Amino acid sequence: MAIKERMSGNEAVAHAIKQINPDVMPAFPITPSTEIPQFVSTMIANGEIDTEFIPVESEHSSMSAAIGAEAAGARTLTATSSCGLALMWEVLYVAASNRLPLMMEVVNRALSGPININAEHSDSMGARDSGWIQIYAENNQEVYDNTIQAYRISEHKDVMLPIMICQDGFITSHAVENITLIEDEPVKKFVGTYEPEHYLLNAQEKMSVGPYAISSYCMEAKRAQAEGMRNAKKVILDVAKEFEAISGRSYGFFEEYQLEDAEYAIVAIGSVCGTIKDAIDKMRSEGKKVGLLKVRVFRPFPGEEMAEALKSCKAIAIMDRCEGYNSVGGPLGAELTAALYRAKSTAETVNIIYGLSGRDVKTSDVEDVYDKLQTLAAGEDLFGEYPYLGLRSAE
């Protein structure tokens, strides 16, 4: 039976963690993810779950403790944002290369500097090549649902990789929305019990975690890791299908909104997609064929599938909430443009930087993007060489 509730994104994550009841949670507070360990530690103190909470002295220590706990055979998670994720940089790669399926809740926030605490994807996108699976949410419902699916994906024997569940700081993490929860028992049954095949506390097996890899073996280890990421694509879809059976909610690599007959499309990640949908509804009522491809899974990157979904479009705007500093655009723009090129797409494309450090995006901004896409398809470029959405002019 579905349970109607009102929760912030952080509360929704904490409720999912309560239902999963993981073994260990090391964490260090950083805005705007601080509430997640706060909620979980309160649940532990109240006897609602028996997770072992480890207070640590930094985010580097948090990820190090998570690696140790997961390697020992415990189902483990942590949470962080922004500079906290950056401080974990060294050990992010250790977690992935050791094939440890731990989970991290990332509440996206701008990396310094300048110092800013608002929503941006520079933190998780900076870690996009660290070997972690990355799944993003548009709203509070999705971050709850993604958290419940996370361990089923990461712990699959053909994957065995750590996973980031990402949501936009403050926009979803602190805003309260109506969501639908699943009862505890179906969640527990869906997630199941963690039974690792190899772990340090197994007295029947001697093993080493994180040994020095000489040149004769390291490439093979990296290739095996890459195969795990490739395998995650099928697993993500299989888990989503099982999740739909207990929730009634359907998920894939991305969501196609009014995209079937769209001539002009926007591709974006996260909470901005709600604003884009509102703009689409208005423009559709005016007879304009516009649509959205909302990216949910960024790692593994479903480039071939995205190119197929966009094949009928005349012009596409790829929107990044993260600067790539490559004089072209952001990471989503770079990777999707490459995928469209490989698919021999003839669509005109533009990469737009938007929403940095929490800058608002209005429906009028989105409508302007679609209008300029129509002009771009007709042969006239009104975007300019390197467009920033909503940038104040120098005048």
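A few comments on the model shown:
- Taking the criterion of being in contact with a Pro (Cβ under 8 Å, 6 or more places away or on another chain) and either in a loop (DSSP other than H, G, I, E, B) or farther than 22 Å from Ile165 by Cα (or both), the residues of the stretch 36-59 that qualify are Thr51, Val56.
- Residue within the stretch 58-65 that is closer than 17 Å to Gln134 by Cβ and surrounded by 19 or more Cβ atoms within 10 Å (Cβ to Cβ) present: yes
- Qualifying residue in the stretch 353-373 (condition: assigned by TED's automatic domain parsing to the domain that holds Ala268, free of Cβ contacts under 8 Å to residues at least 60 places away in the same chain and among the hydrophobic types (A, V, I, L, M, F, W, C)): yes
- Between Glu227, Glu220, Glu244, the distinction of being over 22 Å from the mean Cα position of the chain (by Cα), over 30 Å from Leu356 (Cα atoms), of a type in the set (D, E, K, R) and part of a helix (DSSP H, G or I) belongs to Glu220 only.
- For Leu100, the test of being buried (at least 19 other Cβ atoms within 10 Å of the Cβ), more than 22 Å from Gly270 (Cβ to Cβ) and not β-branched (Val, Ile, Thr) is passed.
- Positions within the stretch 247-298 being basic (Lys, Arg), touching a residue at least 60 places away in the same chain (Cβ under 8 Å) and part of a helix (DSSP H, G or I), in sequence order: Lys282
- Selection within the stretch 139-169: residues that are outside any helix (DSSP H, G or I) and among the polar types (S, T, N, Q). The member of this set that is surrounded by the most Cβ atoms within 10 Å (Cβ to Cβ) is Gln167.
- Taking the criterion of being closer than 16 Å to Asp145 by Cβ, small (Gly, Ala, Ser) and surrounded by fewer than 16 Cβ atoms within 10 Å (Cβ to Cβ), the only residue of the stretch 1-57 that qualifies is Ala2.
- Matching residues in the stretch 19-35 - criterion: being farther than 18 Å from Val176 by Cβ and either outside any helix (DSSP H, G or I) or not aliphatic (A, V, I, L, M) (or both): Gln19, Asn21, Pro22, Asp23, Val24, Met25, Pro26, Ala27, Phe28, Pro29, Ile30
- The strands (runs of 3 or more DSSP E) located wholly in the stretch 65-138 that include 3 or more residues which are out of contact with any Lys or Arg (no Cβ under 9 Å at 6 or more places or on another chain) occupy 77-80, 103-108.
- Number of the exception - Glu48 against (1) of a type in the set (Asp, Glu); (2) in contact with a helix residue (DSSP H, G or I) (Cβ under 7 Å, 6 or more places away or on another chain); (3) closer than 25 Å to Met125 by Cα: (3)
- Criterion violated by Ala69 - all others in (1) buried (at least 23 other Cβ atoms within 10 Å of the Cβ); (2) closer than 23 Å to Ser82 by Cβ satisfied: (2)
- For the stretch 323-373, residues that are at positive phi, surrounded by 17 or more Cβ atoms within 10 Å (Cβ to Cβ), assigned to a loop (DSSP other than H, G, I, E, B) and modelled with pLDDT of 95 or more total 1.
- Hey, Ala203 free of Cβ contacts under 8 Å to residues at least 60 places away in the same chain, out of contact with any Gly (no Cβ under 9 Å at 6 or more places or on another chain) and either surrounded by 13 or more Cβ atoms within 10 Å (Cβ to Cβ) or in a strand (DSSP E or B) (or both) or not: no
- Condition met for Ala279 (under 22 Å from the mean Cα position of the chain (by Cα) and either hydroxyl-bearing (Ser, Thr, Tyr) or not assigned by TED's automatic domain parsing to the domain that holds Arg152 (or both)): no
- Among the residues of the stretch 248-269, those that are of a type in the set (Gly, Ala, Ser), within 20 Å of the chain's Cα centre (by Cα) and under 30 Å from Lys189 (Cβ atoms) comprise Ser250, Gly252.
- Every condition in (1) farther than 27 Å from Ala119 by Cβ; (2) buried (at least 17 other Cβ atoms within 10 Å of the Cβ); (3) not charged (D, E, K, R) is met by Ala245 except one, and the failing one is (2).
- When Ser112, Ser64, Ser58, Ser41 are screened for being of a type outside the set (Lys, Arg), modelled with pLDDT of 95 or more and either within 18 Å of Thr172 (Cβ to Cβ) or within 22 Å of the chain's Cα centre (by Cα) (or both), only Ser64 passes.
- Filtered residue count, the stretch 79-91, keeping only those that are surrounded by fewer than 24 Cβ atoms within 10 Å (Cβ to Cβ) and over 19 Å from Arg321 (Cα atoms): 4
The values are calculated or read from the model by the stated rules, or taken from the named source; none is laboratory data. Owing to the predicted nature of the structure, the values given are computational and were not obtained by experimental measurement. Backbone-built Cβ (ideal geometry, glycine too); neighbour counts: all protein chains shown.
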